[in-house]
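Engineer: Submitted below is the structure of interest, expressed as structure tokens.
The values are calculated or read from the model by the stated rules, or taken from the named source; none is laboratory data. Just so we're clear, the structure is a prediction, and the values are computed from it rather than from any experiment. Positions of Cβ are generated from backbone atoms using ideal geometry, with glycine treated the same way; all protein chains shown enter the neighbour counts.
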Amino acid sequence: MNLENTQVKEKLTAAIESSEDANNILDFPSKLRKLRKVIDPGLIKRRETRLDGIVRSVDYIEWHTVADILDETASSWTHSVKDVRQIGGIVTVIVAITIDGVTREGMGTGAAKSETGIKKAEHDALKRAAVKFGIARDLYRRDASETVIDVEIERQKDDALPNDPMARTLSDLVTGKQLRMIYALYRELGLEANDECDRHMGCRIDELSKKAASDLIGHLQNQKNDRPVDRPAPLRRAG
């Protein structure tokens, strides 16, 4: 009798779980519609960023706002850190978000030397994964046509250097060998590496793409070769 009761309970549990799964599948499209709603303007923040000598105003939302939206709309959502990797001074983090069995991933970057930078990378990765479910997608679309503030930053521009030097993907990021060469060349020229890179290219060295790093190495080598060589004064004959 106990065996029969156990089997009945197991069947009921399986039926309930199956029903819940079916409901989740049917409910998923409605959750997506809610997640894709335009963000309340009161939750949107603004920061200024510099690119190619121009200050741009960019709208964004905090990571905890994203988490709150997920809690309200898809309370069963889960997230996990899939990968953490350090390349030079940058740490990259990949975060996965799962809603009703559907998983999306996002990648974030930050400074590897500080805990704040690592947390920033994880938070950015969380937000980018959430965007793939529709959260704040309108802000990211707007990012392509950011509001440009009419303020020009004085920056020396060299035609040999690219206009868009920052890496867009992890595979495109400057290599360790390139980083070592760039730092060595700046040191030989007696210049502060990141200050000069920011002045000429608008970003840090460890944010460069491989192509931009290669162009910068060539530019610095030319600078080094063009420097006048200090020749010793001729010896004077005694007497």
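Engineer: Sort through Leu185, Leu189, Leu179, Leu216 and tell me the only one that's over 14 Å from Thr109 (Cα atoms) and in contact with a Gly (Cβ under 6 Å, 6 or more places away or on another chain). Steps first, answer last, please.
Structural biologist: Details: Leu185 fails: in contact with a Gly (Cβ under 6 Å, 6 or more places away or on another chain); Leu189 fails: in contact with a Gly (Cβ under 6 Å, 6 or more places away or on another chain); Leu216 fails: in contact with a Gly (Cβ under 6 Å, 6 or more places away or on another chain).
Exactly one residue qualifies, and that residue is Leu179.
Engineer: Also, I was wondering about something else. For the range 92-104, which residues satisfy the criterion of being of a type in the set (A, V, I, L, M) and touching an Asp or Glu at 6+ places or on another chain (Cβ under 9 Å)? Can you show your working first?
Structural biologist: As a first pass, look at the range 92-104 and keep what is of a type in the set (A, V, I, L, M): 93-97, 99, 102.
If the condition is that a residue be of a type in the set (A, V, I, L, M) and touching an Asp or Glu at 6+ places or on another chain (Cβ under 9 Å), then Val93, Ile94, Val95, Ala96, Ile97 are the ones that fit.
Yes/no matrix, rows are residues, columns are (1) surrounded by fewer than 16 Cβ atoms within 10 Å (Cβ to Cβ); (2) at pLDDT 75 or above:
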site: Met166; (1), (2): no, yes
site: Tyr186; (1), (2): no, yes
site: Leu191; (1), (2): yes, yes
site: Asp215; (1), (2): no, yes
site: Pro228; (1), (2): yes, no
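Engineer: Within the range 75-118, how many residues are hydroxyl-bearing (Ser, Thr, Tyr), in a loop (DSSP other than H, G, I, E, B) and under 19 Å from Glu62 (Cα atoms)? Quick ask: steps written out before the conclusion?
Structural biologist: At the first step, the residues of the range 75-118 found to be hydroxyl-bearing (Ser, Thr, Tyr) are 75-76, 78, 80, 92, 98, 103, 109, 114, 116.
Right, trim to in a loop (DSSP other than H, G, I, E, B) and you get 75-76, 114.
Adding the requirement that they be under 19 Å from Glu62 (Cα atoms) leaves 75.
Qualifying residue count, the range 75-118: 1.
Engineer: Now a separate question. Looking at the range 43-75 only, could you name the residues that are of a type outside the set (A, V, I, L, M) and at pLDDT below 85?
Structural biologist: Step one: filter the range 43-75 for residues of a type outside the set (A, V, I, L, M), giving 45-50, 52-53, 56-57, 59-60, 62-65, 68, 71-73, 75.
Once the filter is applied, which keeps residues that are of a type outside the set (A, V, I, L, M) and at pLDDT below 85, the range 43-75 yields Lys45, Arg46, Arg47, Glu48, Thr49, Arg50, Asp52, Gly53, Arg56, Ser57, Asp59, Tyr60.
Engineer: Using the structure shown, decide if Arg33 is surrounded by 15 or more Cβ atoms within 10 Å (Cβ to Cβ), charged (D, E, K, R) and at pLDDT 65 or above. Even if it seems obvious, please write down each step before you answer.
Structural biologist: Details: surrounded by 15 or more Cβ atoms within 10 Å (Cβ to Cβ): no; charged (D, E, K, R): yes; at pLDDT 65 or above: yes.
Spelling it out, it is not the case that Arg33 is surrounded by 15 or more Cβ atoms within 10 Å (Cβ to Cβ), charged (D, E, K, R) and at pLDDT 65 or above.
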